[in-house]
């Protein structure tokens with residue numbers, strides 16, 4: 001059976017849980033507490049030398065890291081990843097946008113506010129993080145103004161990847177009400193069959 | 001013909017130029033000076049609303065952004081992207097590693113040192129950037145100790161993507177001599193047919 005090294009509060013882990021649920025795939029989930037260094041043990045570093053969740057162990061025991069690479073692997077051949085070359089490229093474009101221009105600001109602001117003490121020096125990064133996160137949300141807002149989903153008017157892993165931290169942006173101090181097209185898209189994503197919430201773990 | 005919006009000193013742009021050369025594809029290159037705001041003009045934002053190079057315009061005029069998404073699109077069906085599911089997933093794993101754990105530290109340290117004045121406040125970020133960049137280089141060093149290339153013992157777009165800023169790491173204040181396996185791999189990459197240097201633009 002697939003084995004997922006995961007952390008419940010992680011949006012990156014959530015992406016994979018959501019896709020697995022929508023694919024109807026069963027898996028074993030192993031919770032690692034990132035705040036307690038459980039992704040830095042010798043045992044886990046042997047599986048993922050970069051020491052991050054989510055990491056997937058395939059049925060044959062081979063490991064795969066990086067949430068968006070896992071999404072691509074699992075979605076291959078399904079309705080969640082388009083089959084034409086340009087649409088596939090656009091899905092990848094949004095996945096890389098998510099990891100480079102969105103997650104480091106939208107997710108990290110949330111992490112600092114939820115996981116670090118109020119006097120932690122990283123709190124000083126928040127204004128700069130918010131500015132960059134707002135830029136990412138503005139790019140999504142403009143794109144979604146006249147579209148149903150991010151690519152080709154169909155729900156795909158691009159939507160799953162961007163939904164994960166976008167729907168939690170308020171936790172990072174962003175005001176989602178300022179982004180009505182994102183708000184409407186979040187509702188469409190949450191209305192997909194077999195949707196799961198971040199807190200839904202078995 | 002393919003049209004590449006590019007900036008010569010960008011490793012992200014260089015990745016695409018290197019693959020295009022190795023694929024033998026002709027293209028028109030349009031230089032945009034990121035330091036002079038040329039990626040923030042109304043005209044360019046209409047092509048890439050995220051305002052970044054490289055951005056590729058396909059023969060039919062459709063745009064594609066994000067360097068690593070462009071690599072995947074161009075390499076599809078060639079020897080530079082494996083055809084089996086797990087090897088493809090590992091290539092993507094390294095491409096996401098590059099954009100999340102490597103480029104923001106190895107490339108950004110180089111950018112600050114080369115493009116910002118000596119009294120710029122971002123210079124204060126350098127110690128933290130170096131620490132994170134060293135962690136990324138250590139992951140690569142351990143992986144390459146007993147491997148020829150990053151995935152499946154064959155040169156692929158994973159090598160192109162990680163080569164781009166790894167071979168320039170000295171510019172960011174990293175000491176590549178501390179990473180002998182990376183050093184040997186850089187030489188193997190540079191010895192590939194039709195290799196190009198960052199400075200090689202037509």
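Residues being at the interface with chain B (Cβ under 9 Å from one of its Cβ atoms) and either surrounded by 21 or more Cβ atoms within 10 Å (Cβ to Cβ) or touching a helix residue (DSSP H, G or I) at 6+ places or on another chain (Cβ under 9 Å) (or both) are entirely absent from segment A:7-16.
For the condition touching a helix residue (DSSP H, G or I) at 6+ places or on another chain (Cβ under 9 Å), under 23 Å from residue A:65 (Cβ atoms), within 14 Å of chain A (Cβ to nearest Cβ) and assigned to a helix (DSSP H, G or I), what is the one hit in B:125, B:135?
Result: B:135 is the single residue among B:125, B:135 that is touching a helix residue (DSSP H, G or I) at 6+ places or on another chain (Cβ under 9 Å), under 23 Å from residue A:65 (Cβ atoms), within 14 Å of chain A (Cβ to nearest Cβ) and assigned to a helix (DSSP H, G or I).
Hey, could you check segment A:173-183 for residues that are assigned to a loop (DSSP other than H, G, I, E, B) and in contact (Cβ under 8 Å) with a residue 40 or more places away in the chain and say which is nearest to the other protein chains (Cβ to nearest Cβ)? The residue in question is A:179. If you go through segment A:70-93 and keep only what is within 8 Å of another protein chain (Cβ to nearest Cβ) and surrounded by 23 or more Cβ atoms within 10 Å (Cβ to Cβ), you end up with A:70, A:72, A:89, A:90, A:92, A:93.
Evaluated against (1) over 25 Å from residue A:50 (Cα atoms); (2) surrounded by 13 or more Cβ atoms within 10 Å (Cβ to Cβ); (3) in contact (Cβ under 8 Å) with a residue 12 or more places away in the chain, residue B:38 falls short on exactly one condition, (3).
Of A:200, A:159, A:146, A:170, all but one fail to be surrounded by fewer than 22 Cβ atoms within 10 Å (Cβ to Cβ) and in a helix (DSSP H, G or I); the exception is A:170. Restricting attention to segment B:1-33, the residues being in contact (Cβ under 8 Å) with a residue 60 or more places away in the chain, under 18 Å from the mean Cα position of the chain (by Cα) and part of a loop (DSSP other than H, G, I, E, B) number 2.
Do we find a residue being assigned by TED's automatic domain parsing to the domain that holds residue A:165, within 16 Å of residue A:14 (Cα to Cα) and touching a helix residue (DSSP H, G or I) at 6+ places or on another chain (Cβ under 9 Å) anywhere in segment A:83-93? No, there is no match, as no residue in segment A:83-93 is assigned by TED's automatic domain parsing to the domain that holds residue A:165, within 16 Å of residue A:14 (Cα to Cα) and touching a helix residue (DSSP H, G or I) at 6+ places or on another chain (Cβ under 9 Å).
Test residue A:154 against the criterion of being within 13 Å of chain B (Cβ to nearest Cβ) and either at pLDDT 95 or above or farther than 24 Å from residue A:65 by Cβ (or both), and give yes or no. Outline the logic, then answer.
Values: within 13 Å of chain B (Cβ to nearest Cβ): no; either at pLDDT 95 or above or farther than 24 Å from residue A:65 by Cβ (or both): yes.
Taking the combined requirement at face value, the residue does not satisfy it.
Across segment B:184-197, the qualifying residues are those that are under 15 Å from the mean Cα position of the chain (by Cα) and outside any loop (DSSP other than H, G, I, E, B), and the one among them that is surrounded by the fewest Cβ atoms within 10 Å (Cβ to Cβ) is B:190.
The values are calculated or read from the model by the stated rules, or taken from the named source; none is laboratory data. This is a predicted model, so every value here is computed, not measured. Cβ coordinates were reconstructed from backbone atoms using ideal geometry, including for glycine residues, and neighbour counts include every protein chain displayed.
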